[in-house]
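Working notes, beginning with the structure itself.
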Amino acid sequence: MMLDNVRTISMIDWLENDLLLTIDSWEPASSDASFRRYFRVKAAEGQFIVMDAPPEKENIEPFIRIAGLLARSHVNVPTIFQQNLTDGFLLLEDFGSQCFLDQLNANNVTELYQSAFNTLFKIQSYTATQDCGLPDYNEPLLQRELGIFEDWFLNQLLDIQIPVSIWESIRNILVNSALEQPVTCVHRDYHSRNLMVLDDDSPGVIDFQDAVIGPITYDLVSLLRDCYISWPTQQVELWMTQYHNRLLQAKLIACNPARFKRWFDLMGLQRHLKAIGIFSRLHLRDGKSNYLNDIPRTLNYVTTVSTIYPDLVEFSDFLLNHVLPAHTIFSSFPQKEVCGEEYITV
């Protein structure tokens with residue numbers, strides 16, 4: 001493969017001249033919504049993943065620190081074999097290319113999701129919330145994330161404005177619900193594209209560098225109301241109830257099922273609004289238009305949950321009367337596909 005830019009030249013130089021690896025080939029493995037890139041490197045010494053994170057754009061220290069934190073919680077995260085903090089490279093264990101999204105079907109969904117629940121329980125029950133170095137998922141962060149929906153989806157993609165009273169109300173409801181929950185370690189992107197199917201100790205967990213201490217339902221709703229794959233409502237609620245019982249037995253929560261479901265629903269609503277904003281931003285700012293295809297599924301989660309609770313009725317009406325018609329009009333115009341299949345997670 002040709003050396004396409006200075007970063008790639010620096011990466012190969014580090015691998016060959018500093019680490020003394022005999023490189024046979026390298027190829028892009030995946031990318032994400034930041035400036036990080038990942039390469040799959042095949043060498044005489046084995047097969048690896050190299051994270052390329054330009055130091056002026058990305059700080060790889062959180063990835064290193066959180067990998068250690070999760071490994072101590074018996075979560076299967078990639079081993080870091082070598083690190084180059086100066087140039088922003090990590091040599092990582094290769095978990096392969098088969099994520100849950102590639103493998104899930106009616107025959108294996110129970111087994112794969114059970115393994116995901118088991119790993120999530122390790123994250124939540126074994127990872128200390130005090131003195132762990134993780135930031136809090138606090139009100140300013142929650143508000144900034146909701147702002148992505150208003151700015152990039154409503155204002156810029158659809159060119160509509162939400163009434164201030166409705167937007168202030170929904171933001172307060174969602175933030176208060178998030179902040180009243182018990183806190184735990186939150187992966188923050190715990191879904192089918194970041195859980196890798198492995199022969200041993202599956203799943204492998206990736207893309208955890210943005211972990212925080214935050215609401216206990218966040219990762220559960222990320223998994224069960226995934227932006228990239230959906231399941232029947234009855235099945236999702238069964239999984240949610242089973243996991244609620246597991247948390248009760250472990251004394252990680254003390255709430256009744258109705259309260260837990262409201263937390264779950266509203267946490268999902270907050271996350272999905274953020275995700276819709278990010279998908280819009282990837283299209284408008286970064287030219288990555290294939291993520292527009294994930295907006296209808298995610299928007300359906302939003303409209304469905306908004307019809308359930310009386311205190312969301314004004315927001316639900318706004319969605320049904322203004323957002324859905326505007327999105328239908330937008331979707332009727334073809335969008336240019338510019339980036340192919342990349343794994344960019346939210």
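Of all residues being over 17 Å from the mean Cα position of the chain (by Cα) and basic (Lys, Arg) in the range 254-277, which is farthest from Asp294 (Cα to Cα)? Just the residue, please.
Within the range 254-277, the match that is farthest from Asp294 (Cα to Cα) is Arg259.
So which residues in the range 1-32 are modelled with pLDDT under 90 and touching an Asp or Glu at 6+ places or on another chain (Cβ under 6 Å), if there are any at all?
Ser31
How do the pairs read when you match residues in the range 139-154 that are loosely packed, with under 15 Cβ neighbours inside 10 Å with residues anywhere that are of a type in the set (A, V, I, L, M), using Cβ under 6 Å and keeping only pairs 6 or more apart or on different chains?
Cβ pairs passing all conditions: Glu139/Val175.
So is Ala275 at pLDDT 95 or above and either touching a His at 6+ places or on another chain (Cβ under 8 Å) or outside any helix (DSSP H, G or I) (or both) or not?
Spelling it out, it is not the case that Ala275 is at pLDDT 95 or above and either touching a His at 6+ places or on another chain (Cβ under 8 Å) or outside any helix (DSSP H, G or I) (or both).
Of all residues in the range 60-103, which are on the phi > 0 side of the Ramachandran plot and either of a type outside the set (Gly, Ala, Ser) or touching a Ser or Thr at 6+ places or on another chain (Cβ under 6 Å) (or both)?
Of everything in the range 60-103, just one residue is on the phi > 0 side of the Ramachandran plot and either of a type outside the set (Gly, Ala, Ser) or touching a Ser or Thr at 6+ places or on another chain (Cβ under 6 Å) (or both), namely His74.
Could you list all residues from the range 155-169 that are touching a residue at least 60 places away in the same chain (Cβ under 8 Å), of a type in the set (Val, Ile, Thr) and part of a helix (DSSP H, G or I)?
Matches in the range 155-169: Ile166 only.
Does Gln181 meet the test of being touching a residue at least 24 places away in the same chain (Cβ under 8 Å), in a loop (DSSP other than H, G, I, E, B) and within 24 Å of Leu223 (Cα to Cα)?
yes
Residues Tyr309, Tyr301, Tyr291, Tyr243: which one is in contact (Cβ under 8 Å) with a residue 40 or more places away in the chain and in contact with a Gly (Cβ under 7 Å, 6 or more places away or on another chain)?
Result of the check over Tyr309, Tyr301, Tyr291, Tyr243: Tyr301.
Taking the condition of a type outside the set (Lys, Arg) and within 18 Å of the chain's Cα centre (by Cα), does Asp200 pass?
no
Taking the range 223-253 as the search range and keeping residues that are within 19 Å of the chain's Cα centre (by Cα) and among the aromatic types (Phe, Trp, Tyr), which one is surrounded by the fewest Cβ atoms within 10 Å (Cβ to Cβ)?
Trp231
Condition first: buried (at least 19 other Cβ atoms within 10 Å of the Cβ) and among the aliphatic types (A, V, I, L, M). Now tell me which residues in the range 183-211 satisfy that.
Passing the criteria: Val186, Leu195, Met196, Val197, Val205, Ile206, Ala211.
Answer yes or no: is there a residue in the range 199-219 that is part of a helix (DSSP H, G or I), of a type outside the set (Lys, Arg) and in the same structural domain as Tyr309 (by TED's automatic domain parsing).
Among the residues of the range 199-219, at least one is part of a helix (DSSP H, G or I), of a type outside the set (Lys, Arg) and in the same structural domain as Tyr309 (by TED's automatic domain parsing), which makes the answer yes.
Out of Gln114, Gln124, report the one residue that is assigned by TED's automatic domain parsing to the domain that holds Tyr291 and without any contact (Cβ under 8 Å) to a residue 12 or more places away in the chain.
Step by step, each of Gln114, Gln124 is checked, and only Gln114 is assigned by TED's automatic domain parsing to the domain that holds Tyr291 and without any contact (Cβ under 8 Å) to a residue 12 or more places away in the chain.
Taking the criterion of being surrounded by 15 or more Cβ atoms within 10 Å (Cβ to Cβ), hydroxyl-bearing (Ser, Thr, Tyr) and in the same structural domain as Asn321 (by TED's automatic domain parsing), would at least one residue in the range 173-182 satisfy it?
Scanning the range 173-182, I find at least one residue that is surrounded by 15 or more Cβ atoms within 10 Å (Cβ to Cβ), hydroxyl-bearing (Ser, Thr, Tyr) and in the same structural domain as Asn321 (by TED's automatic domain parsing), so the answer is yes.
List every residue pair whose Cβ atoms lie under 7 Å apart, where the two residues are 6 or more positions apart in sequence or sit on different chains, the first residue falls within the range 319-346 and is within 25 Å of Ile229 (Cβ to Cβ) and at pLDDT below 50, and the second residue, located anywhere, is aromatic (Phe, Trp, Tyr) and surrounded by 15 or more Cβ atoms within 10 Å (Cβ to Cβ).
Between residues of the range 319-346 that are within 25 Å of Ile229 (Cβ to Cβ) and at pLDDT below 50 and residues that are aromatic (Phe, Trp, Tyr) and surrounded by 15 or more Cβ atoms within 10 Å (Cβ to Cβ), the close pairs are Ile344/Tyr291.
The values are calculated or read from the model by the stated rules, or taken from the named source; none is laboratory data. Just so it is clear, the structure is predicted and the values come from calculations on it, not from any experiment. FYI the Cβ positions are ideal-geometry reconstructions off the backbone, even for glycines, and counts take in every protein chain you see.
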